[in-house]
Structure formats: C-alpha cells, structure tokens
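Student: My questions will all concern the structure given below.
Taken together, the values in this text are just the output of simple stated rules run on the coordinates, not laboratory data. Please read all numbers here as calculations on a predicted model, not as lab measurements. In this analysis, Cβ positions are derived from the backbone assuming ideal geometry, glycine residues included, and neighbour counts consider all displayed protein chains.
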Amino acid sequence: MRYLILTDIHSNWDALEAVLRHVRRKRYDRVAFLGDAVGYGACPNRVLSWLRELHPEPLLVRGNHDRVCAGLDSGEYFNRFAREASEWTLDNLEPRNLEYLRSFPVGPITVDDTLLLCHGSSLDEDSYIFSAYDASLAFESTTHPVTFFGHTHVPSLFTLDPDHHIDVQLLSGGRTVVDLEPDHRYLVNPGSVGQPRDRDPRAAYAIFDAEQMRVFTYRVGYKVATARRRILQAG
Ligand code: ZN
C-alpha cells in the first residue's frame with residue numbers, strides 16, 4: 001500500500017493543484033489527509049469538493065481550523081487573521097461542503113497495526129510536536145511504529161530508537177527519502193501543502209510506501225501570486 005499524505009491545505013487550491021500535477025506519474029493507492037483542509041486561503045469549496053469526490057474515499061482526520069471553520073468551535077483563541085478567515089470560510093461554504101467538513105472525524109485514527117494518523121499529535125488535535133519532549137509524549141501515548149501528523153506546517157521527522165533516544169530532523173529540500181527501520185518508531189510531518197512555515201514557500205507533501213517502509217517527501221513550486229490575488233479579491 002502506498003499513501004499520498006497531505007496536510008494543512010488551508011483552502012489553497014493553487015498549491016494543491018501543483019501537488020496533484022506533481023504526483024500524476026507517481027503511484028499511490030489512497031490519499032491520507034491529516035486535517036486543516038480550510039482556513040486562511042480563498043478556495044475552501046474547491047478543496048473540499050476535491051476531497052469529497054476522491055475514489056477511494058480518503059483516510060482523514062479533522063484539523064483545528066476545520067473545527068472552527070465548520071462552526072463547531074468559536075475560535076476565540078485564534079489570532080485575528082485566522083479568526084477572520086474562518087468566519088469568511090463559514091459564510092462562503094456551499095452547504096454540502098459544510099456538511100462534509102462537519103463530518104471529519106477527530107483523530108487519531110488507526111489505519112492498521114503500523115500506521116496512525118493525527119492532526120496535532122496523538123494526544124490532542126491542538127497539540128504541537130516541535131521538540132523531542134513533545135514527541136516523547138506522543139510516543140508514550142501510542143504503540144504504532146509510524147505516526148503521520150501535521151499542524152506545525154514544518155516537514156519534520158522524530159525517530160525513537162531502541163535505547164529510547166529521540167532524534168529530531170527537519171526534512172528540508174526538494175526531495176528526501178527516509179528508510180524506516182524495523183526496531184525504531186517514527187513521527188513524520190510531511191509539511192503543509194498550502195501554508196509552509198519553514199521559509200521554503202513551496203507546497204510540501206509525502207508518499208509513504210508501507211511495504212518498503214519508506215517515506216518520500218517533496219516540495220513543489222506553485223503560483224503564490226495567484227493564491228494571494230484570490231485572497232485579496234475575496235476581501
Ligand atoms: Zn494548519
């Protein structure tokens with residue numbers, strides 16, 4: 001099984017479209033989406049319609065922005081930009097997309113004995129995994145060898161070795177390949193499709209090959225000016 005792993009699209013259709021163009025010749029069996037389909041960007045309906053119409057249906061978990069944009073939470077603790085964007089999103093969602101967004105399950109979700117998916121961490125969709133300490137809490141709360149998470153918008157890899165040491169790595173650059181070892185455990189963040197926060201403006205995504213136990217991460221340029229114009233035009 002090969003998974004196309006996407007997270008934090010944030011209504012950025014231009015970035016998602018560039019990713020989809022990039023994966024056209026790559027093989028994958030199923031999309032796994034780690035939350036925050038919407039919020040910030042100007043194309044929430046296009047992004048949600050794409051997810052909704054995927055065959056086979058994607059594995060997915062809810063993100064914190066999905067929760068607020070769906071009106072399930074007031075988002076009073078959001079900064080002004082995030083809050084205004086979520087209010088705009090809720091006002092502009094087509095009814096079937098709002099209904100779909102409201103149906104996103106709260107993570108973590110267990111795919112099988114190997115793979116777990118979550119938004120922030122396995123403990124809480126709002127928790128951030130930035131440090132080895134954050135990672136240690138997530139490792140303690142689960143037994144899965146491989147967890148994919150999002151939320152930080154930073155492509156990163158946390159490795160727990162058999163001596164309980166945690167190694168922290170940023171997955172920077174246009175393409176990385178990580179071979180997963182059988183006696184280690186991993187937390188992997190593919191990075192954000194629609195709003196990278198690691199000073200590389202390109203869209204980020206990953207492919208996980210569960211047979212070969214190999215993770216590929218990629219960065220893809222997209223038309224940032226177009227995405228920006230759409231946001232300005234949306235007011
Ligand atoms: Zn996010």
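Student: Pick out, in residue order, every one of the GluC sites (Glu not before Pro) in segment 15-115 that is DSSP loop and has at most 13 other C-beta atoms within 10 Å; say none if there are none.
Tutor: When the GluC sites (Glu not before Pro) of segment 15-115 are filtered for loop state and at most 13 Cβ neighbours within 10 Å, Glu53, Glu76 remain.
Student: With each run of n ≥ 4 DSSP H residues scored as -39500 (n - 2.57), what mean residue ellipticity at 222 nm is computed for the chain after dividing by its residue count and rounding to the nearest 500 deg cm²/dmol?
Tutor: Taking each H run of at least 4 residues, the total per residue is -8000 deg cm²/dmol.
Student: Additional query: On C-alpha positions alone, give me the angle between the axis of helix 13-22 and the longest principal axis of the chain, in degrees, nearest 10.
Tutor: It works out to around 40 degrees.
Student: Considering only C-alpha atoms, what is the centroid distance from segment 55-89 to segment 153-211, in Å?
Tutor: Segment 55-89 and segment 153-211 have Cα centres spaced 24 Å from each other.
Student: Given Cβ point charges of +1 (Lys, Arg) and -1 (Asp, Glu) and nothing else, what value in debye, to the nearest 20, does the dipole of the chain about its Cα centre take?
Tutor: For the chain, the charge dipole is close to 1380 debye.
Student: Can you tell me the length gained on complete extension of the stretch Ser172 to Thr226, counting 0.36 nm per residue apart and subtracting the Cα distance?
Tutor: Length gained between Ser172 and Thr226: 17.0 nm.
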